[in-house]
Amino acid sequence: MLRPQGYATIDDPDTRKVEYDTAMCGHCQLHLHVKPGSGCTVYLFPQADGRVIEQMGAFCRVCMSPVCLSCDEVGNCIPWERSLELVESKRSTIRSVEEALGRSLS
């Protein structure tokens, strides 16, 4: 990835210190380890035995951000901020109904 969004350092006393460039999924905010300097998004998956598996990453062309493989499988583009707005609007609706009824719905 040419422009990583962050940096991670894993310092395990049993193994060597490992450093990764990171990006964040635009849909669920999962932190992803990315291959530095690659022209496309390549995710790195460190294994317990010290190996690192490389896998082609995913990119959402709707919100123009990298996404994790789980969100890519789902296929819907619901950016993190939008999902928070949906939760807040549902809570607001429930509160208004509760006030109108004069009792709690939970």
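Table for the structure above
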item: Vicinal HN-Hα couplings computed from phi for segment 6-19 (Karplus, 6.51 cos²θ - 1.76 cosθ + 1.60; Hz; Gly/Pro x); result: x, 8, 10, 10, 10, 10, 9, x, 7, 10, 7, 6, 10, 10
item: Exposure proxy order (Cβ contacts within 10 Å, fewest to most) of Phe45, Phe59; result: Phe45, Phe59
item: Kirkwood hydrodynamic radius of the chain, from inverse mean 1/r over distinct Cα pairs, in Å; result: 16.3
item: Ellipticity estimate at 222 nm from DSSP helix runs (n ≥ 4, -39,500 (n - 2.57)) divided over the chain, nearest 500; result: -8500 deg cm²/dmol
item: Rounded to 10°, Cα long-axis angle of helix 80-101 versus longest principal axis of the chain; result: 20
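Coordinate-derived values only; no laboratory data. None of the values given here were measured: they were computed from a predicted structure. As a convention, Cβ positions derive from the backbone with ideal geometry for all residues, glycine included, and neighbour counts pool all protein chains shown.
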